[in-house]
Amino acid sequence: MTAPSSTLPAPQPGVSESRQRAEIRPGARGPKSASPSRPAARLRALDGLRLLAALMVAAYHYGGRGGEISQAWGSSPRDQFPTASGYFAYGCLGVQIFFVISGFVICMSGWGRPLRGFFASRVSRLFPAYWAAILLVTAVFALPWVAYRTVSASDTLLNLTMIQQPLGADRVLGVCWTLWAELRFYALFALFVVLPGASRQRVVLFCAVWTLAAALADATDESFLQTVLMPEYAPYFIGGIGLYLIHRFGHDALAWGIVGMSFLVGQHYAVAGLWHASSGGDVFSHRSQLGIIAVVAFGYLAVALVACGRLQWADWRWLSVAGALTYPFYLVHEHLGWVTVQVLHRELGVPSYATFALTLALMLVLAWLLYRFVEQRLTPLLKRALMPAR
């Protein structure tokens with residue numbers, strides 16, 4: 001999402017047709033199925049959208065909010081980017097776009113998989129880069145010339161589990177709150193869809209029950225139910241699932257109804273959380289309602305175009321690289337970006353916009369290093385350990 005994978009921390013979208021067990025309705029007008037002996041085409045446009053969402057979040061962290069980034073710049077980002085900061089403030093909605101993508105991709109990757117395979121896939125995808133990011137940020141923040149507060153040794157160790165937030169520990173990575181939301185989504189989807197076996201009817205029922213249950217949890221103000229059902233984030237995951245149903249089975253009023261309902265509820269939570277009637281001096285209060293709704297609508301529309309096959313022309317190989325860099329970039333960009341901005345702007349005197357661009361570029365280079373030397377090496381090892389060959 002931060003948050004993760006995809007989101008956005010999100011998984012790899014390409015899965016074989018044999019795993020999906022071709023459950024297309026007769027006469028459906030969806031994308032043509034690949035031959036069972038050939039892997040389905042990778043949805044590279046979705047990879048590009050994931051990186052775009054990550055860059056939106058980075059723009060928000062570097063130029064659309066206050067807090068530690070003001071310390072890094074030496075003043076408020078409003079002073080550094082008088083015009084652009086107002087647009088950067090909408091970048092936090094990249095998280096909502098990540099969640100829509102995650103709903104689409106998790107439904108696709110979990111379809112036809114056994115529970116153990118689904119678990120091994122998620123753990124091996126999320127944890128190697130996450131562990132590396134935890135250790136890297138902890139090491140950098142421990143340097144004597146870095147002024148940012150470090151997390152205690154006990155809390156740092158707990159952060160390696162990815163469940164530090166419900167246990168009340170300090171977070172090493174600010175964006176890991178989105179990973180906590182992703183983990184809860186994975187658990188719900190695994191329990192109610194993957195374990196009994198995915199089918200169109202079961203997935204539709206899952207979406208309907210989760211939508212209603214999340215609304216009831218919000219109405220009851222019961223903290224346990226709100227934690228489990230995530231009423232403020234559930235609509236985006238559900239919307240992504242609905243869009244995958246359209247991608248898999250073709251246009252269908254019920255699936256589009258799931259998508260439409262999730263958008264209507266999702267924009268409500270986005271506006272409620274990010275808009276305030278009076279701006280005052282609050283850096284989080286200068287977004288408009290229409291602007292928030294428009295960004296959320298853009299996320300839904302972009303994934304819908306992928307689902308309907310309208311972006312098949314975006315099949316450039318570099319988009320796969322972009323998708324691979326998204327997760328490690330998302331993990332490291334915020335905290336290490338603070339340090340980079342401070343060094344470039346305050347100590348070396350690099351102008352604000354050049355510092356912004358260089359920081360993004362350096363974080364992408366670091367993301368590539370994590371992908372090349374951590375994910376590519378550890379992910380297959382961890383997956384084989386969790387899912388040994390029979």
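A search for C-beta distances below 7 Å between a residue of segment 56-82 that is under 17 Å from Leu331 (Cα atoms) and modelled with pLDDT of 90 or more and any residue that is among the acidic types (Asp, Glu) and crowded, with 22+ Cβ neighbours inside 10 Å, counting only pairs 6+ apart in sequence or on different chains, returns His61/Glu334.
Is at least one residue of segment 226-239 under 24 Å from Gly299 (Cβ atoms) and among the acidic types (Asp, Glu)? For segment 226-239, residues under 24 Å from Gly299 (Cβ atoms) and among the acidic types (Asp, Glu): present. Within segment 65-78, none of the residues are within 22 Å of Ala385 (Cβ to Cβ) and of a type in the set (A, V, I, L, M, F, W, C). For Ala322, the test of being surrounded by 16 or more Cβ atoms within 10 Å (Cβ to Cβ), part of a helix (DSSP H, G or I) and touching an Asp or Glu at 6+ places or on another chain (Cβ under 6 Å) is passed. Annotation note: Cβ proximity below 8 Å between a residue of segment 156-172 that is on the phi > 0 side of the Ramachandran plot and among the aliphatic types (A, V, I, L, M) and a residue that is at pLDDT 95 or above and part of a helix (DSSP H, G or I) (sequence gap 6+ or interchain) occurs for Met162/Leu126; Met162/Phe127; Met162/Tyr130; Met162/Leu179; Met162/Trp180; Met162/Leu183. Residue-level analysis places Phe127 among those that are out of contact with any helix residue (DSSP H, G or I) (no Cβ under 6 Å at 6 or more places or on another chain), assigned to a helix (DSSP H, G or I), modelled with pLDDT of 95 or more and under 30 Å from Val296 (Cβ atoms).
Looking across Phe206, Phe224, one residue alone is more than 22 Å from the chain's Cα centre (by Cα) and assigned to a helix (DSSP H, G or I). It is Phe224. Considering only segment 95-110, I want to know if a residue exists there that is part of a helix (DSSP H, G or I), modelled with pLDDT of 95 or more and more than 28 Å from His251 (Cβ to Cβ). Yes.
Residues that are basic (Lys, Arg), surrounded by fewer than 19 Cβ atoms within 10 Å (Cβ to Cβ) and more than 29 Å from Thr211 (Cβ to Cβ) do not occur anywhere in segment 300-310. Scan segment 348-374 for residues that are hydrophobic (A, V, I, L, M, F, W, C), surrounded by fewer than 17 Cβ atoms within 10 Å (Cβ to Cβ) and outside any helix (DSSP H, G or I) and the total you get is 1.
Could you say whether any residue in segment 261-279 is in a helix (DSSP H, G or I), polar (S, T, N, Q) and surrounded by fewer than 17 Cβ atoms within 10 Å (Cβ to Cβ)? First the steps, then the outcome.
Of the residues in segment 261-279, the ones in a helix (DSSP H, G or I) are 261-274.
Add one more test, that the residue is polar (S, T, N, Q), and what stays is 262, 267.
Those left that are additionally surrounded by fewer than 17 Cβ atoms within 10 Å (Cβ to Cβ): none.
So far as segment 261-279 goes, no, none of its residues is in a helix (DSSP H, G or I), polar (S, T, N, Q) and surrounded by fewer than 17 Cβ atoms within 10 Å (Cβ to Cβ).
Is there a residue in segment 284-299 that is surrounded by 12 or more Cβ atoms within 10 Å (Cβ to Cβ) and closer than 27 Å to Pro128 by Cα? There is no residue in segment 284-299 that is surrounded by 12 or more Cβ atoms within 10 Å (Cβ to Cβ) and closer than 27 Å to Pro128 by Cα.
Just wondering, is there one or more residues in segment 220-233 that are exposed (fewer than 15 other Cβ atoms within 10 Å of the Cβ) and aromatic (Phe, Trp, Tyr)? Looking through segment 220-233, at least one residue is exposed (fewer than 15 other Cβ atoms within 10 Å of the Cβ) and aromatic (Phe, Trp, Tyr).
For Gly168, the conditions (1) out of contact with any Ser or Thr (no Cβ under 9 Å at 6 or more places or on another chain); (2) farther than 30 Å from Phe141 by Cα; (3) not β-branched (Val, Ile, Thr) are fulfilled apart from (2). The residue list Phe127, Phe81 contains one member that is under 15 Å from the mean Cα position of the chain (by Cα), surrounded by fewer than 21 Cβ atoms within 10 Å (Cβ to Cβ), of a type outside the set (Val, Ile, Thr) and farther than 27 Å from Trp316 by Cα, which is Phe127. Pairs are defined by a Cβ separation below 9 Å, a sequence spacing of at least 6 or placement on different chains, a first member in segment 188-214 that is closer than 18 Å to Pro231 by Cα and among the hydroxyl-bearing types (Ser, Thr, Tyr), and a second member that is loosely packed, with under 15 Cβ neighbours inside 10 Å and at pLDDT below 95; no pair meets this definition.
The values are calculated or read from the model by the stated rules, or taken from the named source; none is laboratory data. Everything quoted here is computed from the prediction, not taken from an experiment. Glycine gets a Cβ as well: all are built from the backbone with ideal geometry, and neighbour counts include every protein chain shown.
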